[in-house]
Amino acid sequence: MSDFRSVKPDIGYSRCCKLKLAPQTDVKWDSMVLALLLLLFDDSFRDGLTALQRGDLAVARSNLEAASKLAPRDGRVWVALSQTYWRLHKKAEAEKAAGKAAALAPEDPVVLQSLVIYYSETHQTLKAARAAAKVPEKDDVRERAVELYFEAARPLLDQQKFAEAVVILKEGVSRLPRSAQLELALGVANYGLRRFDDAADAFLRTIEITPETEQPYTFLGKILDQIPSRLPLVTERFAEYESAHPASAAAYLLHAKALDAQSLEPETALRLLEESIAINARDASAHFEMGTVLDRLRRFADAAAEFARAAELAPSDPAAHYRLARDYDRIGKHEAAQSEREKHARLVKAQEAIR
């Protein structure tokens, strides 16, 4: 259990919810898009695209504007014009042309991919994400859409504008189901809002998609006391993670914490914690958890030894000093207990002063 340990936003949110994905290449107005556009149109459109490709923007503009008069309702003409106007630094005209392209060809894959490029280049990340999400299933485009939705939410996470981030991430999850990256980020945003059940559900979905990813297990381990109805399922997932990672100290610790949060199988929890400490003896949280389990078993002297070790390893954590004071009183070490209470009070006051 984690009494006197509040869950608070003390982490770099966008960093900790960023999965390690393959690096994305920069999106450019490339020859593939131009080749697709060139297949269908008359000479003015074809000449305009060719001029755009070689950077002759005046000729491109002249030809593409002529093509727009011949085919005023074709989104492919307007999306090419948007790129031309953008390169000519005519931002208003570029945005208007892109809007026309999106309205006239909302399902055209070529127009959508071109809009992804335009909106990415003009730093309209959410619009780029929405366009990419509408392209028929292509792995590379889907990955790009996921990355764009995450990039749209990232500054909001960094600014702790979690409610706004949730809106974007829920949209992304809806349009791009089974994205571990977006589910993880959605969980982090809900964690920041203290919507712990919603956060837990998103972390559990992340685990379902990518059971090898460590971050969702770590986050779930921080909120066990706040998600009682999810604990049986979380415990199952922690047990599976521990079985799959026999060399991981964190895996044994998380499984033990889930059992302890439900007051289940204290002897099993002790065994798991012994395994964790055998792998990493300098993890204060493992010693703290060992102390809580020993308290439950009324082995107060042993618990005090574990809390003392936790306090030694993490001297600025007031919780270890509080629990140590309590156990010192139980075993008759009243002067030591008073000293620990004073340390606890000083640390709590110092933490409140910097909030």
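The values are calculated or read from the model by the stated rules, or taken from the named source; none is laboratory data. Given the structure is predicted, the values throughout are model-derived calculations rather than measurements. Here the Cβ positions follow ideal geometry from the backbone for every residue, glycine too, while neighbour counts run over all protein chains shown.
A few points about this structure:
- Count - residues of the range 227-238 that are in a helix (DSSP H, G or I) and buried (at least 17 other Cβ atoms within 10 Å of the Cβ): 6
- Condition check for Arg73 on (1) over 23 Å from Lys134 (Cα atoms); (2) of a type in the set (D, E, K, R); (3) part of a loop (DSSP other than H, G, I, E, B): one failure, at (1).
- Lone unmet requirement of (1) surrounded by fewer than 21 Cβ atoms within 10 Å (Cβ to Cβ); (2) within 35 Å of the chain's Cα centre (by Cα); (3) among the aliphatic types (A, V, I, L, M) for Ala320: (1)
- Residue check, Ser276 under 18 Å from Phe288 (Cβ atoms), at pLDDT below 95 and not basic (Lys, Arg): no
- Checking each residue in the range 125-159 for being modelled with pLDDT of 95 or more and among the β-branched types (Val, Ile, Thr) picks out Thr125, Val146.
- Single residue of the range 291-302 satisfying the filter (surrounded by fewer than 20 Cβ atoms within 10 Å (Cβ to Cβ) and part of a helix (DSSP H, G or I)) that is modelled with the lowest pLDDT: Arg296
- The residues of the range 102-151 that are surrounded by fewer than 22 Cβ atoms within 10 Å (Cβ to Cβ), among the small types (Gly, Ala, Ser) and within 22 Å of Leu184 (Cα to Cα) amount to a single one, Ala133.
- Residue match in the range 229-239 (condition: among the acidic types (Asp, Glu) and over 24 Å from Arg309 (Cα atoms)): yes
- Lone qualifier among Phe288, Phe307 - being farther than 20 Å from Thr235 by Cα, without any contact (Cβ under 8 Å) to a residue 40 or more places away in the chain and part of a helix (DSSP H, G or I): Phe307
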